[in-house]
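Structure first, then comments.
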Amino acid sequence: MDVPEIGATLRSFVSRSGALEAAAVVEEGVVRCDGSGAVTLERDEEIGPEPLDWRGARAAELGFEPKRLPPFEADVETGEVTGPLGGLEHVALGALAVARAIGGVAVTWVPTTDETELVVSAREGEGVVIVVGEEYYEMDESWPPERPAP
C-alpha cells in the first residue's frame, strides 16, 4: 500500500469512527490524520510533518465497520476506562483492522469526557496497547476476543 492510500485509509477511519486522530507507523514514516481531516507525513523528525495529498487514492477495505461512540471516561489514577459496553473492544478492533490494512502499526486517539489522553495502538499478531494518561497497558494477544476478518 502506498502512502497516499494509507492517508486515505486513515482519513476514512477518523471520519467514520469519530477518533480525535489516527496515525500509521510504516516504513516511509508516520502518516497522521486529525479530526479535521488534515493528513500529514513525517519522514524525518527534524523536518517535521508535511501535508500529504491523499485525494485520488482509495481507502483500503478494513473488513470492519467503525462506529462513533460517546466519549469514554478515563481515570489516570486507576487506569480504568468506562464507556459503552464493548466500546473499548470496538476501538481496539478498529485499530487492528487499520494495522492489518496498512501493514504496520496503527494508533488512534479516542475522545474522552475530559482532557485525559486515551490512545489505542495495534499491530497485527501482537497485543493491543492502551495508554491512559501516561500509563501503558499491554493487552494479551487474545484481547479483544473477536478479531476483524483478514
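Rule-based calculations on the coordinates, nothing more; no lab input. Values in this document were obtained by computation on a predicted structure and should not be read as measured data. Using ideal geometry, Cβ is built from the backbone for each residue, glycine included, and neighbour counts are taken over all protein chains shown.
Summary table below
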| item | result |
| --- | --- |
| Using a Förster distance of 22 Å, the FRET efficiency for residue 68-residue 115 (Cβ separation, nearest 0.05) | 0.65 |
| Gaussian network model of the chain, springs between alpha carbon atoms under 10 Å - residue of 31, 129, 119 with greatest fluctuation | 129 |
| Fewest-first ranking of 128, 91, using other Cβ atoms within 10 Å as the exposure measure | 128, 91 |
| Theoretical ellipticity at 222 nm over the chain - DSSP helices of four or more residues, -39500 (n - 2.57) apiece, nearest 500 | -7000 deg cm²/dmol |
| Candidates 35, 87, 48, ranked by Gaussian network fluctuation over the chain, Cα under 10 Å, top entry | 48 |
| Where GluC sites (Glu not before Pro) fall in DSSP loop in the range 29-110, at most 13 other Cβ within 10 Å | 45, 46, 61, 77, 80 |
